[in-house]
Amino acid sequence: MFYNKIHFRIKMFFLFVILFFLAIIIKVFYLQVFQYNKLNNLASDLWSRKLPIEADRGKIYDRNYDVLADNTTTTSLVLIPNQIKNKELVTKKLSSILNVSYNEMKKHVYKNTSIERVHPEGRRLSFEISDQINKLKLEGVYLVKESKRNYPYNSNLSHVLGYVGIDNQGLSGLELIYDKYLTGKQGSIKYFSDAKGNRLKLNEIYEEPTKGMNIVLTINNEIQKSVERELNNVVDKYNPEHALAIAMDPNSGEILAMSSRPNFNPLNYQDYSVEEINRNLPIWMNYEPGSTFKIITLAASLQEDTIDLYKDHFYDSGSIYVEGSKIKCWKDGGHGAENFLNVVENSCNLEF
């Protein structure tokens, strides 16, 4: 009996050991096979860093592929605070080059973060400033590529095109409406560092950015230029509060040109009022056509040969009921008997 108990306990012990190691093997297999990608990414995040590379925004063309909005390449300043050995020196040098206060630059240099984008002082830097920073060869100081929106025709078609913010996000017009198509996918330069942020001597990994989609408008830029020129002439001659124009293909409804005054330069939209940059007057200022539309109905009648300007007559009594509603002529008592040429001359409401 005693022997059997010992034998049973030994079996149970070995069974427990086998199950224990089997559980470890299953766990290791699960981690290595099913959780590999997740754990590998988490581990990589602990010692890899990315310097962002901004993607070019999609271009905007007119119907003949004349570029209305494109991009220019600029650089921006990015800091890796843990890699900066002499923070005092870097703060002084950068504050001098960027023409910002020492205390303002110190906030960036001494910030407790893995990557610090110097915003807005270090964004969209000119070539001269970028060159000055690059020549210093400062540790932990990087210049990364950024794309800046450019409008070759300045204020032409400004309300239609709209404008973008400092991060190249669409803020108005077509730039806003089609932002998800125009915006590309950001790329990066991946490098590796230890737990203290010190850069490791490993090869960098370049992840190429993806450009945004281009869009083609129905706008004809040659017609647009003519519209812009004539609106400028109107403003110079009459100094109106507003001026606007639309050119449309009557067969398709396609807009060939559209502009208004006052307008603005999308590159410097901050210099204008909200009313000036956000009101596309041909769309925003809607009016009933009124008597101007009488020419359309008259022209249609003449084309279809349904009236004769001289032989057909009409009596304007001053008012008429249509579907229970009373329509009055603009002249009290009406115009009396008149032929259709008189109707046109008198702009008679009742007949039109």
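The values are calculated or read from the model by the stated rules, or taken from the named source; none is laboratory data. What you are looking at is a predicted structure, and each value in this text was computed from that prediction instead of being measured. Methodologically, a virtual Cβ is constructed for each residue, glycine included, from the backbone with ideal geometry; neighbour enumeration extends over all protein chains shown.
Suppose we keep only residues that are of a type in the set (S, T, N, Q) and under 17 Å from the mean Cα position of the chain (by Cα) within segment 63-72. Which one would you say is surrounded by the fewest Cβ atoms within 10 Å (Cβ to Cβ)? Working first, answer last.
Residues of segment 63-72 of a type in the set (S, T, N, Q): 64, 71-72.
Then keep just the ones that are under 17 Å from the mean Cα position of the chain (by Cα); that gives 71-72.
On the way: Asn71: 20, Thr72: 11.
The qualifying residue surrounded by the fewest Cβ atoms within 10 Å (Cβ to Cβ) is Thr72.
So which of Ser259, Ser252 ends up being under 22 Å from Ile223 (Cβ atoms), surrounded by fewer than 16 Cβ atoms within 10 Å (Cβ to Cβ) and among the small types (Gly, Ala, Ser)?
On the way: Ser259 fails: surrounded by fewer than 16 Cβ atoms within 10 Å (Cβ to Cβ).
The unique qualifying residue is Ser252.
Of (1) within 26 Å of Val164 (Cβ to Cβ); (2) surrounded by 14 or more Cβ atoms within 10 Å (Cβ to Cβ), Leu298 satisfies all except one. Which?
Single failed check for Leu298: (1).
Is it fair to say Leu125 is within 27 Å of the chain's Cα centre (by Cα) and aliphatic (A, V, I, L, M)? Lay out the reasoning, then the answer.
Values: within 27 Å of the chain's Cα centre (by Cα): yes; aliphatic (A, V, I, L, M): yes.
The answer is yes for Leu125.
Within segment 156-178, which residues are surrounded by fewer than 18 Cβ atoms within 10 Å (Cβ to Cβ) and either among the acidic types (Asp, Glu) or not in a helix (DSSP H, G or I) (or both)?
Of everything in segment 156-178, those that are surrounded by fewer than 18 Cβ atoms within 10 Å (Cβ to Cβ) and either among the acidic types (Asp, Glu) or not in a helix (DSSP H, G or I) (or both) turn out to be Gly165, Ile166, Asp167, Gln169, Leu171, Tyr178.
For the structure I just gave you, tell me whether Val17 is at pLDDT 90 or above and farther than 30 Å from Ile223 by Cβ. Before the answer, list the steps.
Values: at pLDDT 90 or above: no; farther than 30 Å from Ile223 by Cβ: yes.
For Val17, the condition - at pLDDT 90 or above and farther than 30 Å from Ile223 by Cβ - is not met.
Select from segment 273-294 the residues that are loosely packed, with under 13 Cβ neighbours inside 10 Å and more than 34 Å from the chain's Cα centre (by Cα) and list them in ascending order.
Taking segment 273-294 as the starting set, the residues that turn out to be loosely packed, with under 13 Cβ neighbours inside 10 Å are 273-275, 284-293.
Within segment 273-294, Gly290, Ser291, Thr292, Phe293 meet the criteria.
I need every pair where a residue in segment 140-162 that is closer than 28 Å to Pro262 by Cα has its Cβ under 6 Å from the Cβ of a residue that is among the small types (Gly, Ala, Ser) and part of a strand (DSSP E or B), sequence separation at least 6 or different chains.
Note: pairs meeting the criteria are Tyr151/Ala69; Leu161/Ala69.
Counting only residues that are in the same structural domain as Asn82 (by TED's automatic domain parsing) and under 30 Å from Ala55 (Cβ atoms), give me the strands (runs of 3 or more DSSP E) lying completely in segment 199-270 with at least 1 of them.
205-207
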